[in-house]
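I have placed the structure first, in the form of structure tokens, so that the comments after it can refer back to it.
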Amino acid sequence: MTKVIVYHSSYGCDTGCCGHVVELTETDERERSSFEFAHPYGEDELEFAKSLVRSVYGEEHVADLDWDNCLVSDN
């Protein structure tokens, strides 16, 4: 089963920048992730997460979003 989670994280230890990681785990235990310098800024958090998944992995993986394990933040 493929799962995708979106969570807030910083980028590098010295940058002070933050954004969200979009992480895809496939059934064969391979993981892929992408860091996006993006925040919802008042947008619906679920729609924000779906939009990130769509832009990184395509529409076919939006249904794989594991919202219960996501952590989206405006900070």
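Bear in mind these aren't lab numbers, they're just calculated from the coordinates by the rules spelled out. Predicted, not measured: the structure shown is a model, and the values here were computed from it. Note: ideal-geometry Cβ built from the backbone for every residue, glycine included; neighbour counts use all protein chains shown.
Contact annotation: no residue pair with Cβ atoms under 6 Å, 6 or more positions apart or on different chains, pairs a residue in the range 46-75 that is on the phi > 0 side of the Ramachandran plot and among the aliphatic types (A, V, I, L, M) with a partner that is surrounded by 13 or more Cβ atoms within 10 Å (Cβ to Cβ) and outside any helix (DSSP H, G or I).
Residues in the range 21-66 that are of a type in the set (F, W, Y) and over 20 Å from S10 (Cα atoms): Y57 only.
Out of all the residues in the range 54-70, is one or more closer than 23 Å to M1 by Cβ, surrounded by 17 or more Cβ atoms within 10 Å (Cβ to Cβ) and touching a His at 6+ places or on another chain (Cβ under 6 Å)? Looking for residues that are closer than 23 Å to M1 by Cβ, surrounded by 17 or more Cβ atoms within 10 Å (Cβ to Cβ) and touching a His at 6+ places or on another chain (Cβ under 6 Å), one finds none in the range 54-70, hence no.
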